[in-house]
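The values are calculated or read from the model by the stated rules, or taken from the named source; none is laboratory data. The structure presented is a predicted model; accordingly, all values stated were derived computationally and were not measured. Cβ: placed from backbone, ideal geometry, glycine included. Neighbour counts: every protein chain shown. The protein model used for the area step is the full one, side chains on, heavy atoms only, and it has no ligands, DNA or RNA in it. Shrake-Rupley method; radii C 1.70, N 1.55, O 1.52, S 1.80 Å.
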Amino acid sequence: MLAFLLKRFRRLEWSRHFPSWFSPFLTCFRHQAQQRWAPVYVQGLCSPAQRKSMQPLADQVAPGKQDHLQHFITDSPWTTEGLERIVADRAGHLLGGKDAVLIIDDTCLTKFGSRSVGVGRQYSGQAGKITNCQCLVSVTLARNEIPIPLRLRLFLPSEWSTNPERCVQAGIPAEHPLGSTKWELALREIDDLTGSVQYGMVLADAGYGVNAKFRHALTARGLRWSVGTIRTQHVYPAHVHLIPIPKHFRGRPQKHPTPSEDAETIEAVLSRERWRHVLWRQGTKGPLVGTFAAKYVRLADGNENTRGQHLPGEGAWVIGEQRGRGERKYYLCNLPSETSFDHLIRVTKQRWACELGHRELKQEVGLSHFEGRSWQGLNHHATLCLVALLFLQWLRLAQLDGFFGESVPEIRREIAGEVPQRSGDRCRLCVCCTALFSGP
């Protein structure tokens with residue numbers, strides 16, 4: 001009997017908190033039907049349905065109304081910009097600050113066939129190989145190991161960007177810039193988020209970090225960054241200087257100054273450094289310790305001379321991480337030269353939080369379950385997935401009476417009415433239950 005009452009109580013809490021929380025999002029929908037089905041769809045994304053495609057989602061929250069939900073997602077003409085602004089604003093209030101990081105990455109949705117918008121043979125980090133998939137560039141705000149994804153932008157591979165007719169058939173808007181690279185999409189989202197959220201650093205993996213134009217663009221915006229790179233990235237010693245072009249010379253005139261020292265790969269530079277053990281995070285199963293080395297250098301990403309060599313660019317840290325089986329990962333970070341070693345490692349390793357955000361988007365709110373093919377349908381579904389995950393994180397962080405899950409999966413199970421069982425840990429809900437259900 002108590003389990004039944006607990007289950008009913010949680011459902012009452014869900015229905016009591018969600019309408020007021022979602023009400024600001026309703027202003028983004030012009031028509032009454034859109035305002036009706038938007039909260040229903042988001043509640044379906046948070047529901048206990050194992051799969052969040054249209055039929056099982058409708059069965060959970062709107063039995064017999066699948067066609068209405070389908071029309072709302074794939075055909076109804078509403079824009080996502082207003083929803084994204086509210087997501088960013090609320091995420092900023094929850095996690096924003098100088099200690100927060102903005103993480104740039106991409107996540108792939110495996111697809112079969114060739115008609116879904118943006119699908120193509122491309123590398124999927126989740127699959128670890130080239131496969132048929134859609135690739136979404138993601139922007140995630142994170143702090144204290146808690147991620148809130150803010151943006152998802154579909155990347156168009158060359159077979160789409162060079163075929164305008166195919167783009168028109170999939171409903172890609174004319175104003176969408178075809179041929180944009182992933183890092184260009186990411187920069188546009190960073191610019192759009194300026195002023196909406198506060199963060200201290202931008203993090204990205206090697207897929208973005210190896211691109212000097214991306215790093216230069218971040219620096220030009222006054223941002224601190226830590227990005228992945230490859231072992232063959234060339235760097236100069238921090239004390240390198242340029243030897244001026246001589247006024248008098250013989251033969252062909254020299255066009256570029258000469259570095260006082262030669263560039264080396266970061267693998268060679270760090271091989272001479274002392275590798276240290278660092279506790280970089282307290283995990284759920286204990287402390288996470290890694291072996292790292294770091295050195296302050298100048299990157300070889302300046303102007304290119306006549307021999308194809310890059311002159312010294314900005315100063316940055318090169319960081320090496322020793323992983324199992326002899327594998328090593330490398331990073332670049334433009335924090336000041338006086339930054340402590342431990343702080344460098346802890347900031348750089350925060351990038352893992354976006355992987356957790358991607359997993360929650362797919363497994364908890366069904367980002368990868370969408371079965372439509374159009375640009376509009378995918379964007380609508382992806383944006384409402386951001387809203388749904390934000391709501392679950394809000395429940396987790398707000399610590400309201402009746403919700404005490406320590407992770408998004410636990411919170412989602414709670415709003416589904418499942419009763420958590422924890423040995424040796426008194427449920428906070430018991431206080432509420434005693435008040436509500438105890439007899440005279």
* **In order through region 173-184: 3J(HN,Hα) via Karplus (6.51 cos²θ - 1.76 cosθ + 1.60), integer Hz, x for Gly, Pro** => x, 4, 6, 6, x, 6, x, 6, 7, 5, 5, 5
* To do: Could you work out the relative contact order of region 95-142, using alpha carbon pairs under 8 angstrom and six or more residues apart, expressed as a whole percent?
  => 49
* To do: Pop a pseudo-label 7 angstrom from the Cα along the beta-carbon direction at both Asp75 and Ile130 and give the gap in nm to one decimal.
  => 3.9
* To do: Would you kindly state how much longer the chain becomes between Ala416 and Thr162 on full extension, computed as 0.36 nm times their sequence separation minus their alpha carbon distance, in nm to one decimal?
  => 86.9 nm
* Just the accessible area for Ser23, please: 1.4 Å probe, Å², rounded to the nearest 10? -> 50
* Asked: Using a 1.4 angstrom probe and counting only protein chains, how large is the accessible area of Thr181 in Å², to 10?
  -> 50
* Structure fact -> Descending accessible area (1.4 Å probe), largest on the left, turns Lys52, Lys285 into Lys285, Lys52
* If you average the sequence gap of Cα pairs under 8 Å that are 6 or more apart and divide by the length of the chain, what percent do you get for the contact order? -> 19
* Asked: Which residue, Gln309, Gln43, Gln55, has the most motion in a Gaussian network model of the chain that connects Cα atoms within less than 10 Å?
  -> Gln309
* Roughly what would the spin-label model give for Gln35 and Arg188, points 7 Å off Cα along C-beta, in nm? -> 3.1
* Asked: What list of ³J(HN,Hα) values in whole Hz, one per residue of region 208-215 in order, does the Karplus curve 6.51 cos²θ - 1.76 cosθ + 1.60 (θ = phi - 60°) give from phi, with Gly and Pro shown as x?
  -> 9, x, 6, 8, 5, 5, 5, 4
* Structure fact -> In the list (1) 48; (2) 26; (3) 37, the entry giving percent of Cα pairs over 36 Å apart computed from the coordinates is (3)
* **For region 290-356: relative contact order, % (alpha-carbon pairs under 8 angstrom, 6 or more apart)** => 26
* Asked: Assuming R0 = 41 Å, what is the FRET efficiency of Thr181 and Arg16, from their Cβ-Cβ distance, to the nearest 0.05?
  -> 0.35
* To do: Could you calculate the FRET efficiency of Ala238 with Lys98 from 1/(1 + (r/R0)^6), where r is the beta carbon distance between them and R0 is 30 Å, rounded to 0.05?
  => 0.70
* Across region 81-93, in residue order, what do the Karplus-derived ³J(HN,Hα) couplings come to in whole Hz, using 6.51 cos²θ - 1.76 cosθ + 1.60 with θ = phi - 60° and x for Gly and Pro? -> 4, x, 4, 5, 5, 5, 4, 5, 5, 6, 5, x, 5
* Structure fact -> Highest GNM mean-square fluctuation among Pro287, Pro149, Pro24, for the chain with Cα springs under 10 Å, belongs to Pro287
* To do: Calculate, for the chain, the solvent-accessible area per residue in square angstrom, rolling a 1.4 angstrom probe over the heavy atoms of the protein chains.
  => 50
* Asked: Name the residues of region 130-165 whose amide N is less than 18 Å from a point 7 angstrom out from the Cα of Ser407 along the C-beta direction?
  -> 143-149
* Structure fact -> Taking only protein heavy atoms and a 1.4 Å probe, the highest-to-lowest accessible-area order of Glu165, Glu355 is Glu165, Glu355
* **Cut-off under 5 Å, modelled amide H: who pairs with Trp225 long-range** => Val202, Asn334, Leu335
* Asked: In what order, largest first, do Arg281, Arg346 sit by accessible area if the probe radius is 1.4 Å?
  -> Arg346, Arg281
* Separation of the Thr110 and Arg281 label points, Cα + 7 Å toward Cβ, nm -> 2.4
* Asked: Taking the Cβ-Cβ separation of Leu356 and Ile245 as r and a Förster radius of 60 Å, what is the calculated FRET efficiency to the nearest 0.05?
  -> 0.70
